[in-house]
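Report on the structure given below.
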Amino acid sequence: MSDAAAFDPLRPVLVRLAYRMLGSLADAEDVVQEAWLRWSAEDRAAVRVPEAFLRRIVTRLCLDQLKSARVRRETYVGPWLPDPVVEPELAEDVTLPLLLALERLSPLERAAFLLHDVFDESFETVAESLGREPAACRQLAARARDHLRAERPRFPVERGHGMAIAEAFFAASRGGDVARLGAMLAADASLHSDGGGKRPAAGRVMRGASEVTRSFAAIARLMRGQTGTLLRYAYVNGLPGFVTREPDGLLQTTALLIDGGKIRAIYVMRNPDKLRHLETALH
């Protein structure tokens, strides 16, 4: 079997792992490409389980990458959000709020949690990837689980209900219907808008239903009826939402965290660098 024939079927799961570690599709692709180069140079006869071997390489490359990523995040303009992934299926092992929560973990905690809890690796295998004892990896994953527990939705949202809320939110937010919009929000709702310094976006996270409502009312007044074009309702990083082409001609994704029938968080991606991959995917 050729190098490519052995590697290519594993590429999607490797990109999935790297993306969940890094939050960037471009960086994930770069890491997997580097893993391919190392795989090509490896003595394959010595590799017993190719998938485990490649996950180990990808994990270690991601840990190296996270050192510089932390420095970049410290100088990032405004709130940082992971690259949006628009997927048709409802089930997601790591939703957008969990991706953000993973950012607050140490790189080793993040890796131990993802490899064991998401990718079902044994702690013995995780230990080989992280260069730690299995007991230490078990502790890393347990600490990560404790930090992440609050980010898991208490009640899963049925797909049809989630998309109905997304449609109602789109109509209310783009139409400037402040009363209707306010009624949809939880009291502690938050608005996270990532423009990356490339497009207008809030410089901080807006918190509380009244502040979020005022923000959307101000945007509606500013746009003076220019609502952009709705391209599709979709699940964005595992959350109901939609993709639009805004009046400036660029894409935007909006994802809604719904809890108890109310919108608890709104995640708006406006950074064109993080939306470039969708231009091709949506055609």
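Do you know which of the residues in region 193-224 that are part of a strand (DSSP E or B) and of a type outside the set (S, T, N, Q) is farthest from ILE165 (Cα to Cα)?
Checked region 193-224; the qualifying residue farthest from ILE165 (Cα to Cα) is ASP194.
Given the criterion outside the structural domain of GLY23 (by TED's automatic domain parsing) and more than 24 Å from ALA281 (Cα to Cα), identify the matching residue among ALA234, ALA209. Break it down stepwise before answering.
Details: ALA234 fails: more than 24 Å from ALA281 (Cα to Cα).
Going through ALA234, ALA209 in turn, the sole match is ALA209.
Conditions: (1) buried (at least 19 other Cβ atoms within 10 Å of the Cβ); (2) modelled with pLDDT under 95; (3) not aliphatic (A, V, I, L, M). GLU109 meets all but one. Number of the miss?
Only one criterion in (1) buried (at least 19 other Cβ atoms within 10 Å of the Cβ); (2) modelled with pLDDT under 95; (3) not aliphatic (A, V, I, L, M) is unmet by GLU109, namely (2).
With ALA168, ALA183, ALA144, ALA135 as the choices, which residue is out of contact with any strand residue (DSSP E or B) (no Cβ under 6 Å at 6 or more places or on another chain), surrounded by fewer than 13 Cβ atoms within 10 Å (Cβ to Cβ) and not β-branched (Val, Ile, Thr)?
Of ALA168, ALA183, ALA144, ALA135, the one residue that is out of contact with any strand residue (DSSP E or B) (no Cβ under 6 Å at 6 or more places or on another chain), surrounded by fewer than 13 Cβ atoms within 10 Å (Cβ to Cβ) and not β-branched (Val, Ile, Thr) is ALA135.
Looking only at region 225-283, how many residues end up being hydrophobic (A, V, I, L, M, F, W, C) and outside any strand (DSSP E or B)?
Adding up the residues that qualify gives 5.
Among the numbered criteria (1) surrounded by 14 or more Cβ atoms within 10 Å (Cβ to Cβ); (2) touching a strand residue (DSSP E or B) at 6+ places or on another chain (Cβ under 9 Å), which single criterion is violated by MET223?
Of everything listed in (1) surrounded by 14 or more Cβ atoms within 10 Å (Cβ to Cβ); (2) touching a strand residue (DSSP E or B) at 6+ places or on another chain (Cβ under 9 Å), MET223 misses just condition (2).
Mind telling me which of the residues ARG174, ARG199, ARG232, ARG264 ends up being within 19 Å of HIS277 (Cβ to Cβ), of a type in the set (Lys, Arg) and surrounded by 15 or more Cβ atoms within 10 Å (Cβ to Cβ)?
Checking each option against the conditions leaves just ARG199.
In this structure, is GLY260 over 21 Å from the mean Cα position of the chain (by Cα) and assigned by TED's automatic domain parsing to the domain that holds ARG174?
Yes; evaluated as a whole, the condition is true for this residue.
Which residue pairs have Cβ atoms closer than 9 Å, lie 6 or more positions apart in sequence or on different chains, and pair a first residue in region 180-204 that is farther than 16 Å from ALA265 by Cα and in the same structural domain as VAL268 (by TED's automatic domain parsing) with a second residue that is charged (D, E, K, R) and in a helix (DSSP H, G or I)?
Filtered contacts from region 180-204: GLY196/ASP273; GLY196/LYS274; LYS198/ASP273.
Looking at HIS192 and the list (1) touching a Phe, Trp or Tyr at 6+ places or on another chain (Cβ under 9 Å); (2) farther than 26 Å from SER24 by Cα; (3) at pLDDT 95 or above; (4) crowded, with 18+ Cβ neighbours inside 10 Å, which single condition is not satisfied?
In the conditions (1) touching a Phe, Trp or Tyr at 6+ places or on another chain (Cβ under 9 Å); (2) farther than 26 Å from SER24 by Cα; (3) at pLDDT 95 or above; (4) crowded, with 18+ Cβ neighbours inside 10 Å, HIS192 misses (2) alone.
Give just the number: which of (1) assigned by TED's automatic domain parsing to the domain that holds ALA255; (2) within 22 Å of the chain's Cα centre (by Cα); (3) without any contact (Cβ under 8 Å) to a residue 40 or more places away in the chain does ALA142 not satisfy?
(1)
Before we move on, is ARG207 within 19 Å of TRP80 (Cβ to Cβ), of a type outside the set (Gly, Ala, Ser) and free of Cβ contacts under 8 Å to residues at least 12 places away in the same chain?
Judged against the criteria, ARG207 is not a match.
Name the single residue that is nearest to ALA234 (Cα to Cα) among those in region 72-95 being at pLDDT 90 or above and of a type outside the set (Val, Ile, Thr).
Checking each candidate, the answer is PRO84.
Taking the condition of being among the hydrophobic types (A, V, I, L, M, F, W, C), modelled with pLDDT under 95 and farther than 30 Å from ASP259 by Cβ, how many residues in region 131-151 meet it?
Here the count works out to 0.
Look at VAL157 and say whether it is under 30 Å from GLU211 (Cα atoms) and crowded, with 19+ Cβ neighbours inside 10 Å.
yes
The values are calculated or read from the model by the stated rules, or taken from the named source; none is laboratory data. Quantities reported herein were computed from a predicted structural model and do not represent experimental measurements. Glycine also receives a Cβ, built like all others from the backbone with ideal geometry; neighbour counts cover every protein chain displayed.
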